[in-house]
Amino acid sequence: MSIEADLKKDGIEVIKPLDTLKINSMARNISKKICDTFPNYGLNQNNLFIQLSRLNMYRAKMPEGMAEANYFYKNSSIYFNQHIDDEDLEEFAIHECIHHIQEVKDKKNYLIRMGLCDYTEFKIYGLGLNEAAVQLMSSKINGIPKEYVKYFGISFETTSPSYYPLECCLVNQLAYITGEDILFESTLKSYDNFKKTFSELTSPKAFMSIQNAIDDILNHEEAIIKLNNKIAQIDTRNKKVDGMIEKIEELKHEITLTFMRTQNLIISSYFDKAFDKIVDLEGVEKYRQKLYTFKDFIGCTEGYTFFNDYYVSKMEALEYKYNLLESGQFETALKVITKNENIFMRAIKLLKKLIFGASSEEQHIIE
């Protein structure tokens with residue numbers, strides 16, 4: 001498929017190229033901003049300027065709801081929405097320039113990786129994760145302040161109120177756990193450090209579930225945009241429009257559920273494992289502070305209580321562990337706790353069997 005056909009497929013219609021002086025000016029400023037914001041990633045400002053100045057940049061017509069700028073790896077070009085003011089082009093270009101820096105191609109010029117996103121023959125993995133990480137980096141470079149927003153019934157603070165806000169909220173939670181530098185350097189250089197670090201702190205299964213969920217949110221949002229564009233092209237309301245509106249509401253509901261389930265998984269998968277690793281009084285205080293501060297990163301819906309309930313539960317368990325550590329009886333007490341828990345669980349299972357007489361499959365559901 002030709003470049004023109006690919007662009008047409010995405011609804012992009014080229015109007016005119018940007019002049020060389022404008023491209024060079026943006027490349028110079030952006031290379032400096034990236035290096036100043038991330039001084040420890042081994043970047044060379046001059047080399048980065050040369051790399052970015054070779055990009056092609058165009059003004060283009062773009063579909064409603066699409067990103068204001070779009071990087072196309074096949075011809076190393078950036079397309080800007082025709083409505084963007086000249087003075088704002090640089091702000092939008094930063095996200096796309098990061099995409100150019102992070103891309104990894106094979107000998108045939110096929111894209112195999114872009115930051116945290118893997119391109120396989122049959123499926124793309126981690127697209128939502130990578131877009132959110134790049135957007136968080138762009139917001140940091142542009143110095144965007146936090147803003148309180150609400151999407152699909154979810155309220156939260158974010159430095160990206162207009163672009164991938166839900167995805168950014170979740171990825172910001174991951175960055176809080178691993179550290180921003182591990183996330184951002186892995187994003188920029190297409191390393192596996194972030195994936196390995198988060199998997200070690202939680203589990204590989206948890207990482208894959210979170211990565212897939214963020215992809216699902218991104219895909220649902222894109223589906224909503226496409227449906228809204230279709231509705232906008234229809235003059236009168238009819239059954240087809242009603243069906244699309246109903247589908248949009250279903251997608252919105254699914255986005256909300258996916259976000260909350262994923263957030264809860266991030267909380268439990270990390271803090272459950274971190275709790276088990278506490279071996280001294282200093283560890284108790286670090287754990288308490290890290291869990292308490294996590295409240296500043298979460299999204300909340302009406303009636304959401306998971307984090308508060310989890311926090312109270314963990315504080316009770318933490319107080320008990322603190323007392324054991326302080327009295328020097330930690331290892332002995334753990335053995336007693338484990339033994340008592342095993343006896344208790346056996347008793348519960350026996351009681352369920354006596355009361356319900358459940359089959360093995362039903363027993364699994366009950367437990």
Pairs with Cβ under 6 Å, 6+ apart, first in the stretch 54-66 and touching a residue at least 60 places away in the same chain (Cβ under 8 Å), second open to solvent by less than 70 Å² (accessible area, probe 1.4 Å) and assigned to a loop (DSSP other than H, G, I, E, B): P63/G11
How many residues of the stretch 114-131 are of a type outside the set (S, T, Y) and surrounded by fewer than 24 Cβ atoms within 10 Å (Cβ to Cβ)? The answer is 7
If N219 satisfies every condition in (1) more than 23 Å from G128 (Cβ to Cβ); (2) open to solvent by 70 Å² or more (accessible area, probe 1.4 Å); (3) at pLDDT 95 or above but one, which is the exception? (1)
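Of all residues in the stretch 40-49, count the ones that are of a type outside the set (S, T, N, Q) and not in a helix (DSSP H, G or I). It would help to see each step written out before you state the result.
If we filter the stretch 40-49 for residues that are of a type outside the set (S, T, N, Q), which is where we start, we get 41-43, 48-49.
Now narrow it down to the ones that are not in a helix (DSSP H, G or I): 41-43.
Total meeting the criteria: 3.
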Can you work out which of the residues in the stretch 152-168 that are open to solvent by 50 Å² or more (accessible area, probe 1.4 Å) and in contact (Cβ under 8 Å) with a residue 24 or more places away in the chain is nearest to G303 (Cα to Cα)? F152
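Determine whether the stretch 254-274 contains at least one residue that is over 20 Å from Y304 (Cβ atoms) and either assigned to a helix (DSSP H, G or I) or of a type in the set (V, I, T) (or both).
First, the residues of the stretch 254-274 that are over 20 Å from Y304 (Cβ atoms): 273-274.
From what's left, either assigned to a helix (DSSP H, G or I) or of a type in the set (V, I, T) (or both): 273-274.
Yes: one or more hits.
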Quick check on the stretch 282-304: of everything there that is touching a residue at least 24 places away in the same chain (Cβ under 8 Å), closer than 17 Å to S268 by Cα and open to solvent by 70 Å² or more (accessible area, probe 1.4 Å), which residue is farthest from the chain's Cα centre (by Cα)? R288
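Got a number for residues in the stretch 137-151 being open to solvent by 60 Å² or more (accessible area, probe 1.4 Å) and touching a residue at least 12 places away in the same chain (Cβ under 8 Å)? If you could, list the steps in order and put the result at the bottom.
Of all residues in the stretch 137-151, those open to solvent by 60 Å² or more (accessible area, probe 1.4 Å) come to 140, 145-148, 150-151.
So of that shortlist, the ones also touching a residue at least 12 places away in the same chain (Cβ under 8 Å) come out as 140, 145-147, 151.
Count: 5.
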Step by step: first the residues of the stretch 175-186, then only those that are in contact (Cβ under 8 Å) with a residue 60 or more places away in the chain and of a type in the set (D, E, K, R), then the one that is farthest from P145 (Cα to Cα). Which residue is that? E185
The residue that is nearest to E103 (Cα to Cα), considering only those in the stretch 50-76 that are open to solvent by 40 Å² or more (accessible area, probe 1.4 Å) and either among the charged types (D, E, K, R) or in a loop (DSSP other than H, G, I, E, B) (or both), is K74
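Check the stretch 19-32 and report whether any residue there is touching a Leu at 6+ places or on another chain (Cβ under 8 Å), among the hydroxyl-bearing types (S, T, Y), under 22 Å from K189 (Cβ atoms) and not in a loop (DSSP other than H, G, I, E, B). Outline the logic, then answer.
Start the filter on the stretch 19-32 by keeping residues that are touching a Leu at 6+ places or on another chain (Cβ under 8 Å), which leaves 22-23, 26-27, 30-31.
Narrowing further to those that are among the hydroxyl-bearing types (S, T, Y): 31.
If we keep only those that are under 22 Å from K189 (Cβ atoms) as well, we get 31.
Now drop any that are not not in a loop (DSSP other than H, G, I, E, B), which leaves 31.
Yes; the residues of the stretch 19-32 include at least one that is touching a Leu at 6+ places or on another chain (Cβ under 8 Å), among the hydroxyl-bearing types (S, T, Y), under 22 Å from K189 (Cβ atoms) and not in a loop (DSSP other than H, G, I, E, B).
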Just one of the numbered conditions (1) part of a helix (DSSP H, G or I); (2) open to solvent by 30 Å² or more (accessible area, probe 1.4 Å); (3) modelled with pLDDT under 95 is not true of K205; which one? (3)
For the stretch 232-258, how many residues meet the condition of being touching a residue at least 40 places away in the same chain (Cβ under 8 Å) and more than 21 Å from F156 (Cα to Cα)? 1
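Tell me the residue from N172, N229 that is more than 19 Å from the chain's Cα centre (by Cα), in contact (Cβ under 8 Å) with a residue 60 or more places away in the chain and in a helix (DSSP H, G or I), please. Before you say what the answer is, go through the steps one by one.
On the way: N172 fails: more than 19 Å from the chain's Cα centre (by Cα).
Answer to the check: N229.
When only residues in the stretch 31-71 that are of a type in the set (G, A, S) and more than 15 Å from I141 (Cα to Cα) count, which is modelled with the lowest pLDDT? Please lay out each step first, then the result.
Of the residues in the stretch 31-71, the ones of a type in the set (G, A, S) are 31, 42, 53, 60, 65, 67, 69.
From the residues that got through so far, the ones that are more than 15 Å from I141 (Cα to Cα) too are 42, 53, 60, 65, 67, 69.
On the way: G42: 94, S53: 97, A60: 95, G65: 77, A67: 82, A69: 95.
Within the stretch 31-71, the match that is modelled with the lowest pLDDT is G65.
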Sole residue being surrounded by 17 or more Cβ atoms within 10 Å (Cβ to Cβ) and farther than 17 Å from I298 by Cα, chosen from V104, V134, V171: V134
Determine whether K277 is of a type outside the set (S, T, Y), surrounded by 14 or more Cβ atoms within 10 Å (Cβ to Cβ) and over 20 Å from D118 (Cα atoms). no
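With E200, E185, E157 as the choices, which residue is at pLDDT 95 or above, of a type in the set (D, E) and outside any helix (DSSP H, G or I)? Even if it seems obvious, please write down each step before you answer.
On the way: E200 fails: outside any helix (DSSP H, G or I); E185 fails: outside any helix (DSSP H, G or I).
Selected residue: E157, the only one of E200, E185, E157 that is at pLDDT 95 or above, of a type in the set (D, E) and outside any helix (DSSP H, G or I).
Looking at E326, E341, E361, E250, can you tell me which residue is among the acidic types (D, E), open to solvent by 40 Å² or more (accessible area, probe 1.4 Å), on the phi < 0 side of the Ramachandran plot and modelled with pLDDT of 95 or more?
So the residue among E326, E341, E361, E250 that is among the acidic types (D, E), open to solvent by 40 Å² or more (accessible area, probe 1.4 Å), on the phi < 0 side of the Ramachandran plot and modelled with pLDDT of 95 or more is E250.
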Tell me, yes or no, whether the stretch 129-141 has at least one residue that is under 21 Å from Y71 (Cβ atoms), in contact with a strand residue (DSSP E or B) (Cβ under 8 Å, 6 or more places away or on another chain) and outside any helix (DSSP H, G or I). no
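The values are calculated or read from the model by the stated rules, or taken from the named source; none is laboratory data. Just so it is clear, the model here is predicted, and its values are computed rather than measured. We place every Cβ from the backbone using ideal geometry, glycine too, and count neighbours over all the protein chains shown. Only protein heavy atoms, including side chains, enter the accessible area calculation; ligands, DNA and RNA are left aside. Shrake-Rupley method; radii C 1.70, N 1.55, O 1.52, S 1.80 Å.
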